[in-house]
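Inspection log for the structure reproduced underneath, given as structure tokens.
The values are calculated or read from the model by the stated rules, or taken from the named source; none is laboratory data. Here the structure is a predicted model, which means the values were calculated and not measured. Every residue, glycine among them, receives a Cβ derived from its backbone with ideal geometry; neighbour counts consider all protein chains shown.
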Amino acid sequence: MSVVIVTGSCGLIGSESVSFFCEKGLAVVGIDNNLRKSFFGSDGSVLWNKKRLEKKYKNFTNYSIDIRDQAKVEKLFKKFGRDIALIIHTAAQPSHDWAAKAPMTDFSVNATGTLILLEAMRKFSPQAVFIFTSTNKVYGDRPNFLPLIELEKRYELPKEHRYYKGIDESMSIDQCLHSLFGVSKASADLLVQEYGKYFGLKTGVFRGGCLTGPAHSGAELHGFLSYFVKCCITGRTYKIFGYKGKQVRDNIHSYDLVNAFDHFFQKPRVGEVYNIGGSRFASISILEAIDLCEKISGKKFNYEYVEQNRIGDHIWYISDVSKFQSHYPKWNYKFGIEETIRQIYQAQKEAL
């Protein structure tokens, strides 16, 4: 039976990948040691998701392995060898702020861990497809120098601007401020490209906007909409960091992203890079998200404003997904922004 390896298997995109490919009848092998809990505390723990997946899918097995442990990673890849058809690498240290507190850990997880996985693939499963969940943070703060216009509840680009539709892969990742997280992810991003272009492996890089969905264990330092909805339900005060709350993100539902992964898996390319996010189909500012959460919940949203923005944070980011859609024209979105927030809200209400 073909095997799918999913790193970060109990996180948002990892668990969506587990569900997606288990439903297709493939054997799914997860790698997740719940390192998120040490990053973000109990809010970030994915233990609940691991239990849910193991209970639901008999064709899912999770290994509590740290991706930085080369010996254990290689032992696992050797075990499954050429049965491995697909590797979806979602495991990461995902926070700007946390990275600044522990740069060595951040880089070792995001960059070195990725290198260990690529080498294991090259040694034992070179026929497989390797998909890396990268980030728009590889572009650093370059998007902040676009000629943005301040509107009532969001920042926006003039309609005639080349990036009005969204930022495409032509934007430089060089000579700008990234945050240490952005640098470690950019390092991994380039490694994945290089293992495709240099070694001819079927590797693909997906530079995500805001990735979201009902299985997200959101925390203050990571997981915008999930943590946002959590604050809405519990009455916890949400902190808005800078930009007047008008910063814009495009949010892609985890299902839509994993469905894009599957399209790539079915017809892989070598060392390819795609910007992938909600595009203009599902973009929202924090102030707009407050309005929508209040509409869905019927509750007043509690927040406070902190003048200082997070270092390297984007003021406006919308992904142009045209390149991916041109390569895979049968792929499209299933979930818009309101439906996605409603799903997150319902899932968190049921979990209380």
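Among the residues of region 2-28, those that are over 17 Å from PRO94 (Cβ atoms) and buried (at least 24 other Cβ atoms within 10 Å of the Cβ) comprise VAL4, ILE5, VAL18, PHE21, VAL28.
Tallying residues that are touching a residue at least 40 places away in the same chain (Cβ under 8 Å) and part of a loop (DSSP other than H, G, I, E, B) within region 261-309 yields 13. The listed residues are SER64, SER38, SER95, and the only one of them that is among the hydroxyl-bearing types (Ser, Thr, Tyr) and farther than 28 Å from ASP141 by Cα turns out to be SER64.
GLN175 satisfies every condition listed in (1) touching a residue at least 60 places away in the same chain (Cβ under 8 Å); (2) at positive phi except (1).
Within region 214-227, can one find any residue that is in a helix (DSSP H, G or I), of a type in the set (Phe, Trp, Tyr) and at pLDDT below 95? Among the residues of region 214-227, at least one is in a helix (DSSP H, G or I), of a type in the set (Phe, Trp, Tyr) and at pLDDT below 95, which makes the answer yes.
Here TRP98 passes the criteria (1) aromatic (Phe, Trp, Tyr); (2) within 25 Å of ASP262 (Cβ to Cβ); (3) within 22 Å of the chain's Cα centre (by Cα) except the one numbered (2). Quick check on my filter: what residues within region 146-194 are more than 18 Å from GLY312 (Cα to Cα) and of a type in the set (A, V, I, L, M)? The answer is ILE149, LEU151, LEU157, ALA188, LEU190, LEU191, VAL192. Counting only residues that are among the small types (Gly, Ala, Ser), free of Cβ contacts under 8 Å to residues at least 40 places away in the same chain and part of a loop (DSSP other than H, G, I, E, B), region 45-93 holds 1 of them.
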